[in-house]
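Right, one structure below, let's go through it.
Just so it is clear, none of the values below were taken in a lab; they were calculated from the coordinates. Fair warning: this is a prediction, and the values are worked out from it, not measured in the lab. For neighbour counting, all protein chains shown are included, and Cβ atoms are generated from backbone atoms with ideal geometry for every residue, glycine included.
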Amino acid sequence: MIEVASIKRGIVIDHITAGKGLLIFNKLNLASLGYPVVLLMNVPSGRMGKKDIIKIENFVDVDTAMLGLIDSSITVNVIESEHVTNKVRVSIPQDVKGLFTCSNPRCVTNTDSYVMPSFRLHDKKSCSYSCEYCEEITRVNLA
Ligand SMILES: [Zn+2]
């Protein structure tokens, strides 16, 4: 087992489904942060068998709606003075703005770049959303 020092102050994205860590690393654009960041893959986990973990040694705004769309098993821990001061379980968001595009090519959000795509959860199981503008159902797959 690789030992990684615990961070003193920052964010730990834990319980990532094994194999999704790199996708999340890229979606959150962590390579461009300029802070120490580690991505741990295939870490043994009692609950999940294997998991990925991302540790960021600073406070950054983590988009929990996007994390919920990619992987709803994630927990985000905020660390201060080496202690967890806040723990957030992400979930599939009810309302989403911007993170993906409407599957209807004639939708105003696709034809007019000024209109931000906006969706409401339609079906949790299939992770599909209905467009606020044209009501088209879009299945989300950020992987
Ligand atoms: Zn639409």
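Side notes on the structure shown:
- All lysines inside 30 Å of LYS50 as judged from Cα atoms, apart from same-chain residues fewer than 8 positions distant: LYS8, LYS20, LYS27, LYS87, LYS124, LYS125
- Treating each Cα of the chain as an identical point scatterer and summing with the Debye formula, the log10 of I(q)/I(0) at q = 0.09, 0.12, 0.15 Å⁻¹ comes to -0.33, -0.55, -0.80.
- The modelled label-to-label distance for the pair GLU135/TYR114, using points 7 Å beyond Cα in the direction of Cβ, is 2.6 nm.
- Considering only the Cα atoms of region 10-89, their convex hull presents on average a projected area of 4.9 nm².
- Kirkwood-based Rg to Rh ratio, region 95-143, C-alpha trace: 0.94
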